[in-house]
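Heads up, the thing below is written out as structure tokens.
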Amino acid sequence: MPERYGSSYAVNAAEALDRSPRPLSARLASREPRERPRRVSPRAPRTFWEEPLSVRHRESQSLMHQFLAVPKTLHLTPPEALDSELMNAARPASGAARRVKRHRSAQKESELEAVGPMEIAWRTPELPVFADLCEATASKLSVSGFLQAPHGFAVVGASAERQKFGNKVLRCYLQHGLSAVPVSLTQTVIEGLPCISSLKDLGRDAEHYGVSVITPPKVTLQLLDLAKELKIQRLWLQPGSESPEVLQRAEELQLGLIHSGPCLLVELGFDPQWIPPQASASGEAAEGAVRWRLCGASQVFTVTLAAPKTRNALSRPVLSALKELLQTLPSSTRVLLLESQGSVFSSGHRFGDFAAELGAAEHRRTLQLCSEVNMLLREVAPPSIAVVQGLATAAGCQLACSCDLVLAADTAAFQLPGAANGGFCHTPAVAVAQRTSASAVAEMAFLAEKIPAERAERLGLVNRVIPRAKLYSEARKVAEKIAKADPAQIQRGKQVLYQQMLKPTLAEKYACAEPAMLEMFSTPASQETDGEEVPTLRFARRLDARPF
């Protein structure tokens, strides 16, 4: 009986021949051919395919016997255990049968005859055991699928200490421009990113995240049940976070899992010396619902709506915190980024702020506060950029559209839902109308339908649509590029841009813009003098720069 190794079999062909009767092909090949007179013809020698069928059979059988006489080990795997990809990977390079076309060009025939028409180069490389091959292939495919998580990645067990593995995994994601959310019970901000305390804070779209786990096995075991509840199917147990109990439980829950070997730092590549841009100042307001940080190098001021449990609702405390931040922006700020956590950018007003017992005066104050925040986004000196990762609805849509630029993930959507709930989005429609046509605003307000990011880009609501996993890194690149320009010119340009847009006639628009243009030309910083005392605009040398 052949010796069995796991799901593969090893059979020695020569031993099998010795224990069985000689096949017909062997007996035919051992016969001495009878001498037959051959006709002499002036034409070229026949090729293999021009020989009679009987001759071709005889020569093929002889070659097969010669091949079987050579001792070799063949790995045979049950066909039902192989898929097409693994079969192609495990098949010998030359194949058991020659595939030769009947009609060849004269050049190919001469090349074939030069090496001998009946020579077969058979290679039998050492193949891995099927179980090992299957496991290795499955791991690679799982890693590839994990890295394609549409909404980015969460790091459970993230650490603020850079020598710890939880911090290295987080920095590895950031180093490769991927969106990452640190999950920690003890920290509020790690590497400039606001933390969440549980995977539940990812919101309704938690299943679209890839989760890297850097926790002790006992904690990991509890995490699996939560992942099942949230329908998370992309889990990567980093080395040290798994155990037999964890793997058994994951199998019972039928979770998609990467474990026992692959390491994120190795798969992606990691430079331990790389450090993300550091914040020179940071803080929070509205009981942690609003967080902010100022990057010291680029002077980019980032405001984050950090209340995913309430779908980042714009409550009175949140609106008050936003107004105070916008009114007290540091003078060194060059760009303002407005982001949010979770699967929803903002769900708009908190309906509790409009409860009947509060009275009409409080209702009016809440609406005025919201309008003031949206107007401040246009009035502040530095350009403002909304980074929309999910649904921006009602006053949340108003907040995003009030920014100078809107960068949206391919999973984002915009909505004015008032008409669907028996009302109307009066004030949110004001901001939307500033970015798109009247017909588009009417459609959004009357139909109350969600507008996907791609269509929102065509309507002018969105400047760019970016894959969800790279949204935040790309937004920072855009902000940093704007921050490299002359802040005085950028801020003056923003002011004049909106002033001339309010003018009714074309002549008035130019009359508004010309003084600012003359002022720019007259500043010493905008001009340089070469050797011939000819003024040369400093910024003219950057005309070939690539647009952001």
Original post:
In the stretch 205-218, which residues are over 19 Å from the mean Cα position of the chain (by Cα) and either touching a residue at least 12 places away in the same chain (Cβ under 8 Å) or assigned to a loop (DSSP other than H, G, I, E, B) (or both)?
Top reply: I214, T215, P216, P217
Original post:
Which of the residues spanning the stretch 146-184 are open to solvent by 30 Å² or more (accessible area, probe 1.4 Å) and modelled with pLDDT under 90?
Top reply: L147, Q148, P150, L174, Q175, H176
Original post:
If you scan the stretch 209-224, which residues turn out to be touching a helix residue (DSSP H, G or I) at 6+ places or on another chain (Cβ under 8 Å) and either closer than 20 Å to L178 by Cβ or open to solvent by 70 Å² or more (accessible area, probe 1.4 Å) (or both)?
Top reply: Y209, G210, V211, S212, V213, I214
Subject >> the stretch 444-466, residues that are part of a loop (DSSP other than H, G, I, E, B) and among the basic types (K, R) >> reply: K450
Subject >> Hits in the stretch 437-457 (condition: in contact (Cβ under 8 Å) with a residue 12 or more places away in the chain, within 26 Å of R468 (Cα to Cα) and surrounded by fewer than 20 Cβ atoms within 10 Å (Cβ to Cβ)) >> reply: A440, A448, E449, K450, P452, E454, E457
**OP:** Mind telling me which of the residues D271, D353 ends up being among the acidic types (D, E) and buried (at least 18 other Cβ atoms within 10 Å of the Cβ)?
**Re:** D353
**OP:** For the stretch 349-358, state whether one or more residues are touching a strand residue (DSSP E or B) at 6+ places or on another chain (Cβ under 6 Å) and closer than 15 Å to A286 by Cβ.
**Re:** yes
Subject >> Residues of the stretch 195-204 classified as open to solvent by 60 Å² or more (accessible area, probe 1.4 Å) and part of a helix (DSSP H, G or I), total >> reply: 1
**OP:** Run E229 past the list (1) touching a residue at least 24 places away in the same chain (Cβ under 8 Å); (2) within 28 Å of G390 (Cβ to Cβ); (3) loosely packed, with under 15 Cβ neighbours inside 10 Å; (4) not β-branched (V, I, T) and report the number of the one that doesn't hold.
**Re:** (1)
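Whether any residue in the stretch 324-331 is β-branched (V, I, T) and either touching a Gly at 6+ places or on another chain (Cβ under 9 Å) or open to solvent by less than 20 Å² (accessible area, probe 1.4 Å) (or both) is what I want to check.
Taking every residue of the stretch 324-331 in turn, none turns out to be β-branched (V, I, T) and either touching a Gly at 6+ places or on another chain (Cβ under 9 Å) or open to solvent by less than 20 Å² (accessible area, probe 1.4 Å) (or both).
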Original post:
Counting residues that are open to solvent by less than 10 Å² (accessible area, probe 1.4 Å) and either without any contact (Cβ under 8 Å) to a residue 60 or more places away in the chain or closer than 18 Å to V441 by Cβ (or both), which strands (runs of 3 or more DSSP E) fully inside the stretch 372-414 reach at least 3?
Top reply: 384-388
Subject >> Residues (of a type in the set (V, I, T) and closer than 16 Å to F146 by Cβ) located in the stretch 212-258 >> reply: V213, I214, I232, I258
**OP:** Would you check which residues across the stretch 274-301 are in contact (Cβ under 8 Å) with a residue 60 or more places away in the chain and either among the basic types (K, R) or open to solvent by less than 30 Å² (accessible area, probe 1.4 Å) (or both) and list them?
**Re:** P276, G288, R291, R293, C295, S298, V300, F301
**OP:** Tell me, please, whether a residue that is of a type in the set (S, T, N, Q), touching a residue at least 40 places away in the same chain (Cβ under 8 Å) and assigned to a helix (DSSP H, G or I) can be found in the stretch 172-194.
**Re:** yes
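The values are calculated or read from the model by the stated rules, or taken from the named source; none is laboratory data. It should be emphasised that the depicted structure is a prediction, and the values quoted were computed from it without experimental measurement. Note: ideal-geometry Cβ built from the backbone for every residue, glycine included; neighbour counts use all protein chains shown. SASA here: full protein model, heavy atoms, side chains in, ligands and nucleic acids out. Shrake-Rupley method; radii C 1.70, N 1.55, O 1.52, S 1.80 Å.
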